[in-house]
Amino acid sequence: MSSSSDTAKQLILCDCLGSQSIDTTKIEDVTGLKCSKLHTNLCTQQSDLATKAIAAGNVIIACGQEQARFAEIAAEIGADLPVFVDLRDRAGWSADKLSQAPKMAALAAEAALRPAEPKVRDVTSDGVCLIIGAGEVAVAAARKLQDTLSVTLLLTDDSAPPVTGGFDIIRGRLTQASGSFGNFNLRIDAVQALEPGGRGQPQFGAARDGAKSQCDIILDLTGDTPLFSAHEKRDGYLRADPRHAPSVADAVFAAAQMVGTFEKPLYVRLEPALCAHSRAEQPACSNCLNACPTGAITSAGDTVAIDPMICAGCGACSALCPSGAITYDAPPVDHVFRRIQTLAETFRKAGGINPRLLVHDDTHGIEMIQLAARYGNGLPADVIPLEVTALAGFGHAEMLAALGAGFACVDVLLSPKSDRDTIDRETALAQAISARTIRLLDMADPDALSDLLFQGSDAQAIATPMLPMGTRRQVARTAAKALTDADVIPLPDTAPYGAVLVDTDACTLCLSCVSLCPSGALIDNEDRPQLRFQEDACLQCGLCSNICPEKAITLQPQLNLTDAAFAQQVLHEEEPFACVECGSLFGVKSTIEKITEKLAGKHAMFANPDTVRMIQMCDNCRIQAQYHSQNNPFAGAERPRVRTSDDYLSKRKDH
């Protein structure tokens, strides 16, 4: 595991002016954390106590609302930034009369987990900004930014340019844009540069196509179609409706801050050797390509390539990747499994039963919970919230891990910007495997959320929870065995688990499927004409069915939970052919006989019985037969006769 619990941490508690009840003894006994005395006004009147605790280091402050205040204190005294956990909004402020101690203990234990340090890459912006727009709105934006950024204004209409200004002005049509913050590449057609001289209204020069340029920031004030898909996720690309002044002002302000060196998180990790995208130019899995909203993933031959500068970290590729070639890395997937297991285990240890997991994102979900707690009924005592940065990355493996670890049910609170297609697909798969309902809550009313959750659930947690460890495929399989008694579970067509079915009448055992199978699920036998299959390794990528020349292969999505899934089973085998010359076994008897029948006496090259016989020979004997045949293809031209002195003298006239 890349994360672990640190029992040396001290939990600094505050009841927020007496508005919540906290059982410090229960939290301390269950989590092993050392709890402070219960403060009541830690952020203001008792801030000196907070300062001492932060200075001592290794603390968790149980306050979500005043994180900025405590972070400022840490910066002022040169101390490490403390860890924060929100016990008030997620547990303390609730209309539920049941004890909140088990949930508070679970949340505190989760906060003590240490994730691996995130990987980042430095991005440098020199403040080169391209503003695209028309009329006075674009000109006004350029004037506001000219003292901060190096601005070029691309006018898209025939409006008169300003006579003076501290920025460059061109007119044209932006036809191509690629890249991201700090490295945008542009192509502009019909570009006209502003002529600086002359009396009267400034004029533009002659138009030309194919002008190329680069910039760090793009401010799009055209109001037209965005330059990029999922444009709100493209760093450095700012877009505002020119008719809405507040939006324009916000975009201008944001652009002014984009100068300097910034850290870009590296959200996902790619293992090309595991990728099942393609083999021998034949298509297979394209789940990540189809799901990526920003276009950060592209085909690169047998594998895919990921541009980390364009990747926005939605996590859909990680959830959908059947082989584990792409995994979310900010934080790693195993840390999410560890958080799930810690929440469920601590809740049970503190006396709670049948906990329910509420998965939410770090923006919309947090706001919904905070509003429900402050102005409504909050969350029930058995509903444990789990905040994730990438909601689409919480796939079927994570859902199954939660149910297998001891949660009675799982609810996913969607946000307006959620990747609904990916979440729907993964939820359907998790439901098919677990035979349990996983709800997707698509709502924006905090009171409605509270009301729905307070209705409770009849679902029961499993009696013997499992430990979610290993890869996503391993965790999904382990959880499935803990959740169901079925041996084989039928799955949706898009599932990454399943069997391969072979039409033995059509299959010729050419074994092209074996040579190209990216996961090694299809195997041959060196000693016999045999096609073997190991179901646990199959990704259902479809490559075998795509390349089969006889179209003899079909896929059957299912999850085989028996030990047979780990064993090699024979899908098709035939009797080998015995070489007519030496008797060694080679090839497939039915295939050799079929070829002989089709060619013998019916093709000019096989009109001779000797050449027909070569079809029935192994490689070594065939070469020997060809070498000694009358028309030996390996033979060279006849060697010239050796020339002697007699030959030379016979041609002399004086001899």
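Data overview
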item: Output for the range 340-370, where each listed residue is surrounded by fewer than 20 Cβ atoms within 10 Å (Cβ to Cβ) and more than 19 Å from the chain's Cα centre (by Cα); result: GLU345, ARG348, LYS349, GLY351, ILE353, ASN354, THR363, HIS364, ILE366, GLU367, GLN370
item: Residue match in the range 70-92 (condition: open to solvent by less than 40 Å² (accessible area, probe 1.4 Å), without any contact (Cβ under 8 Å) to a residue 24 or more places away in the chain and closer than 21 Å to ILE366 by Cβ); result: yes
item: Search result, residues across the range 380-400 that are in a loop (DSSP other than H, G, I, E, B) and closer than 21 Å to PRO416 by Cα; result: VAL388, THR389, ALA390, PHE394, GLY395
item: Verdict on ALA138 being in contact with a Pro (Cβ under 8 Å, 6 or more places away or on another chain), of a type in the set (A, V, I, L, M) and over 30 Å from VAL333 (Cβ atoms); result: yes
item: Matching residues, the range 420-455, being touching a Pro at 6+ places or on another chain (Cβ under 9 Å) and open to solvent by less than 40 Å² (accessible area, probe 1.4 Å); result: LEU429, ALA432, SER450, LEU453
item: Residue in the range 260-290 that is farthest from ASP126 (Cα to Cα), counting only those that are among the small types (Gly, Ala, Ser) and touching a Cys at 6+ places or on another chain (Cβ under 6 Å); result: ALA284
item: Wholly within the range 2-89, helices (runs of 4 or more DSSP H) carrying at least 1 residues that are under 20 Å from ILE384 (Cβ atoms); result: 24-31
item: Close pairs (8 angstrom Cβ cut-off, 6 or more residues apart or separate chains): of a type in the set (A, V, I, L, M) in the range 508-533, assigned to a loop (DSSP other than H, G, I, E, B) anywhere; result: LEU509/PRO529; LEU509/GLU574; LEU516/ALA280; ALA521/CYS538; ALA521/LEU539; LEU531/CYS507; LEU531/LEU509; LEU531/LEU511
item: Subset of the range 156-212 that is of a type in the set (A, V, I, L, M) and under 18 Å from LEU227 (Cβ atoms) - its residue that is surrounded by the fewest Cβ atoms within 10 Å (Cβ to Cβ); result: ALA190
item: Qualifying positions in the range 456-487 - surrounded by 14 or more Cβ atoms within 10 Å (Cβ to Cβ) and either free of Cβ contacts under 8 Å to residues at least 12 places away in the same chain or hydroxyl-bearing (Ser, Thr, Tyr) (or both); result: SER457, GLY470, THR471, GLN474, THR478, THR484
item: Every pair of residues 6+ apart whose Cβ atoms lie under 6 Å, when the first sits in the range 9-21 and is at positive phi while the second is at pLDDT 95 or above and outside any loop (DSSP other than H, G, I, E, B); result: CYS16/ARG88
item: Within the range 605-655, tally of residues that are touching a strand residue (DSSP E or B) at 6+ places or on another chain (Cβ under 8 Å) and at pLDDT 85 or above; result: 2
item: Residue list for the range 556-577, filter: among the hydrophobic types (A, V, I, L, M, F, W, C) and either on the phi > 0 side of the Ramachandran plot or surrounded by fewer than 18 Cβ atoms within 10 Å (Cβ to Cβ) (or both); result: ALA564, PHE566, ALA567, VAL570
item: Total residues in the range 440-463, condition of a type in the set (Ser, Thr, Tyr) and at pLDDT 95 or above; result: 1
item: Residues (in contact with a Ser or Thr (Cβ under 8 Å, 6 or more places away or on another chain) and charged (D, E, K, R)) located in the range 487-502; result: ASP487
item: Filtered residues of the range 193-230 (kept if more than 29 Å from ALA254 (Cβ to Cβ) and either touching a Gly at 6+ places or on another chain (Cβ under 7 Å) or touching a residue at least 24 places away in the same chain (Cβ under 8 Å) (or both)); result: GLU195, GLN201, PRO202, PHE204, ALA207
item: Exclusive hit being surrounded by fewer than 20 Cβ atoms within 10 Å (Cβ to Cβ) and under 17 Å from the mean Cα position of the chain (by Cα), set ALA230, ALA245; result: ALA230
item: Residue in the range 543-552 that is within 42 Å of the chain's Cα centre (by Cα), open to solvent by less than 40 Å² (accessible area, probe 1.4 Å) and under 30 Å from ALA482 (Cα atoms) present; result: no
item: Positions within the range 488-532 being surrounded by 14 or more Cβ atoms within 10 Å (Cβ to Cβ) and among the small types (Gly, Ala, Ser), in sequence order; result: ALA495, GLY498, ALA499, SER512, SER519, ALA521
item: The range 256-268, residues that are more than 30 Å from LYS144 (Cβ to Cβ) and crowded, with 18+ Cβ neighbours inside 10 Å; result: TYR267, VAL268
item: Residue in the range 122-154 that is nearest to LEU221 (Cα to Cα), counting only those that are free of Cβ contacts under 8 Å to residues at least 40 places away in the same chain and touching a helix residue (DSSP H, G or I) at 6+ places or on another chain (Cβ under 7 Å); result: LEU153
item: From the options CYS14, CYS35, residue that is open to solvent by less than 60 Å² (accessible area, probe 1.4 Å) and either farther than 23 Å from GLY378 by Cα or among the small types (Gly, Ala, Ser) (or both); result: CYS35
item: Flag if PRO446 is touching a Gly at 6+ places or on another chain (Cβ under 6 Å) and either under 21 Å from VAL359 (Cα atoms) or small (Gly, Ala, Ser) (or both); result: yes
item: Unmet requirement for GLN67, which otherwise passes all of (1) surrounded by fewer than 14 Cβ atoms within 10 Å (Cβ to Cβ); (2) out of contact with any helix residue (DSSP H, G or I) (no Cβ under 8 Å at 6 or more places or on another chain); (3) not small (Gly, Ala, Ser); result: (1)
item: Subset of the range 279-298 that is assigned to a strand (DSSP E or B) and at pLDDT 95 or above - its residue that is least open to solvent (accessible area, probe 1.4 Å); result: ILE297
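The values are calculated or read from the model by the stated rules, or taken from the named source; none is laboratory data. Quantities reported herein were computed from a predicted structural model and do not represent experimental measurements. Note that we place each Cβ from the backbone using ideal geometry, even for glycine, and neighbour counts take in every protein chain shown. Side chains included, ligands, DNA and RNA excluded: accessible areas come from the protein's heavy atoms. Shrake-Rupley method; radii C 1.70, N 1.55, O 1.52, S 1.80 Å.
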